[in-house]
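What follows is a single structure, written as structure tokens, with notes after it.
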Amino acid sequence: MLIKTYELTADDFTQAGSISSDIRKIAKGYGMSQETIRRVAVACYEAEINMIIHSHGGQIELSIDDEWFNIAFKDVGPGIENIELAMKPGWSTADVVAQNMGFGAGLGLPNIKKNSDTFNLFSDPNGTLLQLGFKRKDTL
Amino acid sequence: MTIKELHQKTDWPFVMQGNIDQPITGIHTGDLLSYVMGHGKTGQAWITMQTHQNIIAIASLKEFSCIILIDDNDLDQQTLGIAADNEINVLKSPLDAFETIKTLVKLGF
């Protein structure tokens with residue numbers, strides 16, 4: 001069930017983390033474990049920052065069912081040219097502005113994958129879709 | 001050691017105070033924010049030379065006990081406001097990162 005949709009503006013570092021923070025609060029409200037909440041926060045923040053740095057803006061959708069806490073990051077381009085390279089630790093196409101703020105280390109996507117239970121990434125020049133899933137209960 | 005005790009022992013001033021009675025569970029240092037997101041742990045004090053507003057989001061999401069700015073760095077008004085809203089403890093050390101860490105090691109971390 002779709003719980004909430006967030007609009008994200010490209011290049012707006014002033015709001016960075018606010019969506020992740022809200023999603024973390026919702027995860028807490030659903031009684032998820034501290035460890036899972038930590039993983040949700042890390043993955044969500046990295047994905048949010050990626051959209052701010054690299055995309056032309058988009059939406060983040062949170063949906064929750066009995067077993068899963070799912071977050072979809074949908075942007076409107078310009079897409080990831082080479083997903084295989086983008087997944088490689090240390091690879092980054094972030095600009096100097098982002099790098100000066102301490103972003104663009106090329107650790108974002110690997111961090112996201114490491115912290116999520118399911119990870120699907122689709123991209124073409126019209127946009128990127130990143131779907132992350134987290135098991136609501138650790139024992140599942 | 002609590003944040004209040006760290007402040008008393010080092011004389012490092014507060015830039016922003018939240019709950020200063022919470023314990024510091026360890027130390028993390030890093031300026032690459034993805035590295036910090038990946039490796040920092042809840043309750044740690046985070047030493048960084050970064051001063052922009054995104055460090056507050058990271059400290060909040062990672063539930064760090066405090067941020068320790070180095071080299072007498074300060075936060076701008078906007079970042080201070082975000083730190084206040086999120087009740088994030090921020091101290092500043094007059095020392096560079098290495099000397100700041102040495103001080104903390106001498107205190108038993």
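The values are calculated or read from the model by the stated rules, or taken from the named source; none is laboratory data. No experiment lies behind these values; they were computed from the predicted model shown. No Cβ is skipped: glycine too gets one built from the backbone with ideal geometry, and neighbour counts run over all protein chains shown.
Numerical summary
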quantity: Helices (runs of 4 or more DSSP H) completely within the stretch A:57-140 that count 2 or more residues being closer than 26 Å to A:Gly31 by Cα and within 12 Å of another protein chain (Cβ to nearest Cβ); calculated: A:108-115
quantity: Count of residues meeting criterion [under 12 Å from the mean Cα position of the chain (by Cα) and of a type in the set (Lys, Arg)] in the stretch B:99-109; calculated: 0
quantity: Whichever residue in the stretch B:33-46 is surrounded by fewer than 19 Cβ atoms within 10 Å (Cβ to Cβ) and touching a Phe, Trp or Tyr at 6+ places or on another chain (Cβ under 8 Å) and, among such residues, is farthest from the other protein chains (Cβ to nearest Cβ); calculated: B:Gly43
quantity: Number of positions in the stretch A:93-122 that are at pLDDT 95 or above and more than 18 Å from A:Arg39 (Cβ to Cβ); calculated: 1
quantity: Residue list for the stretch B:78-98, filter: part of a loop (DSSP other than H, G, I, E, B), over 11 Å from the mean Cα position of the chain (by Cα) and more than 16 Å from B:Ile58 (Cβ to Cβ); calculated: B:Pro94, B:Leu95, B:Asp96
quantity: Which numbered condition B:Lys102 fails, given (1) touching a residue at least 24 places away in the same chain (Cβ under 8 Å); (2) over 23 Å from A:Ile26 (Cα atoms); calculated: (1)
quantity: Residue check for B:Asn73: in contact with a Lys or Arg (Cβ under 7 Å, 6 or more places away or on another chain), within 14 Å of another protein chain (Cβ to nearest Cβ) and more than 26 Å from A:Lys113 (Cα to Cα); calculated: yes
quantity: B:Asn73 being within 23 Å of A:Gln99 (Cβ to Cβ) and in contact with a Leu (Cβ under 7 Å, 6 or more places away or on another chain); calculated: no
quantity: Residue that is touching a residue at least 24 places away in the same chain (Cβ under 8 Å) and within 14 Å of chain B (Cβ to nearest Cβ), where the choices are A:Ala41, A:Ala47; calculated: A:Ala47
quantity: Residue in the stretch A:42-56 that is among the small types (Gly, Ala, Ser), part of a helix (DSSP H, G or I) and over 17 Å from A:Ser123 (Cα atoms) present; calculated: yes
quantity: Qualifying residue in the stretch A:5-23 (condition: within 13 Å of chain B (Cβ to nearest Cβ), crowded, with 21+ Cβ neighbours inside 10 Å, modelled with pLDDT under 95 and in a loop (DSSP other than H, G, I, E, B)); calculated: yes
quantity: Tally, over the stretch B:49-99, of residues that are among the hydroxyl-bearing types (Ser, Thr, Tyr) and free of Cβ contacts under 8 Å to residues at least 12 places away in the same chain; calculated: 0
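One line per residue, one yes/no per condition, for (1) of a type in the set (Ser, Thr, Tyr); (2) touching a residue at least 24 places away in the same chain (Cβ under 8 Å); (3) surrounded by fewer than 18 Cβ atoms within 10 Å (Cβ to Cβ):
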| residue | (1), (2), (3) |
| --- | --- |
| A:Leu85 | no, no, yes |
| A:Pro89 | no, no, yes |
| A:Ser92 | yes, no, no |
| A:Gly102 | no, no, no |
| A:Lys114 | no, no, yes |
| A:Asn120 | no, no, yes |
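For every residue, the table says whether it meets (1) surrounded by fewer than 21 Cβ atoms within 10 Å (Cβ to Cβ); (2) closer than 18 Å to B:Asp21 by Cβ.
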residue: B:Glu63; (1), (2): yes, yes
residue: B:Asp71; (1), (2): yes, no
residue: B:Leu75; (1), (2): no, no
residue: B:Leu80; (1), (2): yes, no
residue: B:Val105; (1), (2): yes, no
